[in-house]
1. So what does ARG194 come to for accessible area, using a 1.4 Å probe and Å² rounded to 10?
2. List the pair-distance distribution P(r) of the range 205-334, using every Cα-Cα distance, as the percent of pairs falling in each 5 Å bin from 0 up to the bin containing the longest distance, rounded to whole percents.
3. Can you compute the FRET efficiency between ASP114 and GLN63 using 1/(1 + (r/R0)^6), with r the Cβ-Cβ distance and R0 = 22 Å? Round to the nearest 0.05.
4. Given R₀ = 45 Å, FRET efficiency for ARG205-ALA377 by Cβ-Cβ distance, to 0.05?
5. Contour minus end-to-end for ARG329 and LEU405, with contour as 0.36 nm per residue of separation and end-to-end as the Cα-Cα distance?
6. Please compute one quarter of the surface area of the Cα convex hull for the range 206-267 and express it in square nanometres.
7. Mind running the shape call on the range 261-382? Use the C-alpha gyration tensor, a ≥ b ≥ c as the square roots of the eigenvalues: rounded below 1.5 for a/c, prolate if a/b tops b/c, oblate otherwise.
8. If each of ARG194 and GLN233 carries a label point 7 Å out from its Cα toward its Cβ, how far apart are those two points in nm?
Amino acid sequence: MMRDLDNPFSPFTGRRCPEGVDEGQRRDGQKLAPPLTCLPASSRRDREESLPRAAEPFLGFAQLLRRHAFAIAPEQVTSFMQAVTLLGPRSMSDIREAALATLAPSPDRRSEFDAHFRGYFYGDARPSTEGEGDDETRIKDDRGSRDEESQAVRQEKGGELSSALEQLSRRDFQLDPDSLGPFRGRLASALPARRSFRAMRSRSRGTLDLRRSLSEIVSADGDIPSPLLRRRQTVPRKLLLLIDVSGSMKLHTADYLKIAHAAVQGAARAEVLTFGTRLTRITSALRIRDRGQALSRTAALVDDWDGGTRMGPTLLAFLSVPRFAAFARGAAVVILSDALERGDHADLGTAMRRLSARAFRLSLATPLAGDPRFRPATAALSAILPVLDDLVDGSSVRSLTDFILSLARPAPAAETIWKRVS
């Protein structure tokens, strides 16, 4: 069957190339090879070439911002280029205003946004802005987004105590018998619960389901049946674990990850992220049922094992990503850290206040509380103690699992308890 190459709408056959592009090989006026067939207009190559060259700088600027942890959705990038088209643009200020209106950087990162804008469009050397260089918090989501810059990673056997310097390394976790089966089985029913907006049918108690009742009356030709009831479902709240993997927590990191794996396996909705000098989501890795494979996958995901600690900036970076901040909304948030913040603790106080406003319950489990002489006397702990619901012992697996299983039970605020102890 001959293909209709002259018909541009013929499916799967394409169309003949323009005259003179390729006429095939000829000898004595006869064609020895058929002409090439151009790809249809909807081909992948044409779609890639459909973006005008003039629009490439604007797409590149949006990609630059996303590489520096600005929360920008694809729809915002499209709106940005449409806004530039509507404005002309007549000047660079029009492009900047379009970027501010559509990409919507947060007010606290406006100066960093301006620095990136001038560096990208004007070619200026980027000035040192807050959140850049050694103080920049890099975010890795286990959905697949990775850092584009290659870093030297070395095997590390010992950890720094408490430092703000970034040190990248890898960890290997030893396999041992799984003793967290009872914790995993009890977790789903032990978490705090909330009333869902979804309703379920009820036989004995609840409110009148008017829609179903009227439908029954109509189907029964006007007879009045027994009323149908419904009530709102009760569902467990989310569990969010934020695990400190810095050098000062090296002795406890393996135990915390085993508890996190059991929590992800046992709870209906659990999220786990690690932080040190970077922020990494490891929930997908911990969803692997085999614990050895899950921990191996986690070890490959996290880059800042046993390094420095920048707890405040890292938690602020967590809250700056809308998808991550949604994990904390209405959740039981447990931070596993010694809270040994270096330098100014203002960022830590700001982050903890914002977390407390979002979370149902905000808890800090620190291994330092395992010492009977421990008191929250450091500047960082004194600043965040008023916003904590719990400040508990995180020095052992037993104490930590017992606490997580007690999250549904009410307890006095952390400040009240520690004032009595002091």
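The values are calculated or read from the model by the stated rules, or taken from the named source; none is laboratory data. Keep in mind that what you see is a predicted model, and the values were worked out from it rather than measured. Positions of Cβ are backbone-derived with ideal geometry, glycine not excepted, and every protein chain shown enters the neighbour counts. When the accessible area is computed, the model is the full protein with side chains, heavy atoms only, and any ligands, DNA or RNA have been set aside. Shrake-Rupley method; radii C 1.70, N 1.55, O 1.52, S 1.80 Å.
1. 80
2. Binned Cα distances yield the sequence 2, 10, 16, 17, 13, 9, 4, 4, 5, 6, 6, 4, 3, 2, 0.
3. For R0 = 22 Å, the calculated efficiency reads 0.80.
4. That pair, ARG205 with ALA377, gives E of 0.35.
5. Between ARG329 and LEU405, full extension yields 25.4 nm more.
6. 6.8
7. prolate
8. Each label point lies 7 Å from its Cα, and together they span 1.5 nm.
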